[in-house]
Every structure is written in structure tokens, then in C-alpha cells.
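Taking it in order: structure first as C-alpha cells, then the write-up.
The values are calculated or read from the model by the stated rules, or taken from the named source; none is laboratory data. Being a predicted model, the structure only gives us computed values, none of them experimental. Counting neighbours? That spans all protein chains shown, and the Cβs are built from the backbone with ideal geometry, glycine included.
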Amino acid sequence: QNGVVGIAKPAGAPAGDNGAPVEPPAPALPPLHQEAFDAAERADYPAAIAAWEKALKQNPNDAEAKAGLAQISLLHRLQGKALADIRAAAAANPDGLEQQLDVADLDVSGGHVEDAFDRLLVLFPKLDQDGKNAVRARLLDLFEVVGLTDPAVNAARMRLTNLLY
């Protein structure tokens, strides 16, 4: 309407063939992160886990490696298992630790995080110390998968803390 046509490009930004700004290339991933992503793409979960663990040994505060390890571990635990079989085994053994851990993994992978957390937190008081340690470790792992800032994680973390003390 005012006679202005075209796209303005920021000063110093490279332009493509049509004059539009060119997106800068994504920064390269650290080598062990790339190794883990490549292994995951091949569905070689043990290799991906090893790469993430190696990255964490080099830098224990690497949040991306912690999350990557948790996510790929979840995929590895569910690999080759059928949804119906997991649910049937858990229904047949409602106090069975391994069966309930499997369903919690399945629930998180399907986006039902509150169900997964609740399942494990209800089971927690019924377990011996080894079972409690296994549930606590799995919950911490699932918290990483979901994201530490998610409200469901915060609520489950509070419930777990109350059960521990």
C-alpha cells in the first residue's frame, strides 16, 4: 500500500539466492553427543547408552547428556516388549516390582506421566529396601525424561520425599 516491497535483511547477514537472510548452520554437537545420536538413529541403544555415559564421565554436569541417557535408557528398556504383554503382566501382579516399572516406562513413553509416577509412588511403601531403591532410581530417571521443570515432576518429587522421610 505504501510502495514498500521485498524483505529487509539485517546488516551484515548473508543473503540467499532470493535475497532472504540465510539461517546460520546449527552448531556442531560435541563428539560423544553426536555418537549417541547416531547410535540411537540406528536403534543401537547399548552404543548410545555407552556414549552418553562416557560424556557424563567427562562432564558430570552435562544436563543434555543426563537427559539423553535417561531417554535412550527408556527406549532400550521398552525395546521388543509389546504393550499388551506389559499391561497384562502388571495386571496379573499388581505388587510386582518389575511389572510395575515396565508399565511406568510405558506410561511415560505414551505421555501419561502422572499415571506412571502415581503407580510407582503407590507401590513404594509396600517394597523392601532394595525395591524402594529401585523405584527411587527409576523415578529419578523418569524425571529426567519428562523434564525437571515439569509440574508433574515437581509434585512426584515432593511425594517421593515425603515417603523417604
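In the set 89, 67, only one residue is touching a Gly at 6+ places or on another chain (Cβ under 9 Å), assigned to a helix (DSSP H, G or I), under 22 Å from residue 147 (Cβ atoms) and aliphatic (A, V, I, L, M); that residue is 67. Each residue in segment 51-64 was checked for being assigned to a helix (DSSP H, G or I) and in contact with a helix residue (DSSP H, G or I) (Cβ under 8 Å, 6 or more places away or on another chain), and 8 pass.
Note on segment 90-103: residues that are acidic (Asp, Glu) and buried (at least 17 other Cβ atoms within 10 Å of the Cβ) amount to 1. The listed residues are 106, 32, and the only one of them that is buried (at least 19 other Cβ atoms within 10 Å of the Cβ), touching a helix residue (DSSP H, G or I) at 6+ places or on another chain (Cβ under 6 Å), modelled with pLDDT under 95 and assigned to a helix (DSSP H, G or I) turns out to be 32. Condition check for residue 153 on (1) part of a loop (DSSP other than H, G, I, E, B); (2) touching a residue at least 40 places away in the same chain (Cβ under 8 Å): one failure, at (1). With respect to the conditions (1) over 21 Å from residue 28 (Cβ atoms); (2) within 18 Å of the chain's Cα centre (by Cα); (3) surrounded by fewer than 16 Cβ atoms within 10 Å (Cβ to Cβ), residue 87 falls short on a single one, namely (2).
As a summary of the residue check, residue 144 satisfies the conditions (1) under 19 Å from residue 69 (Cα atoms); (2) without any contact (Cβ under 8 Å) to a residue 40 or more places away in the chain; (3) of a type outside the set (Phe, Trp, Tyr); (4) in a helix (DSSP H, G or I) except for the one numbered (2). Scanning segment 110-121 for residues that are over 23 Å from residue 165 (Cα atoms) and surrounded by 17 or more Cβ atoms within 10 Å (Cβ to Cβ) gives a single hit, 113.
The numbered conditions (1) of a type in the set (A, V, I, L, M, F, W, C); (2) surrounded by 12 or more Cβ atoms within 10 Å (Cβ to Cβ); (3) over 20 Å from residue 49 (Cα atoms) are all true for residue 70 except (3).
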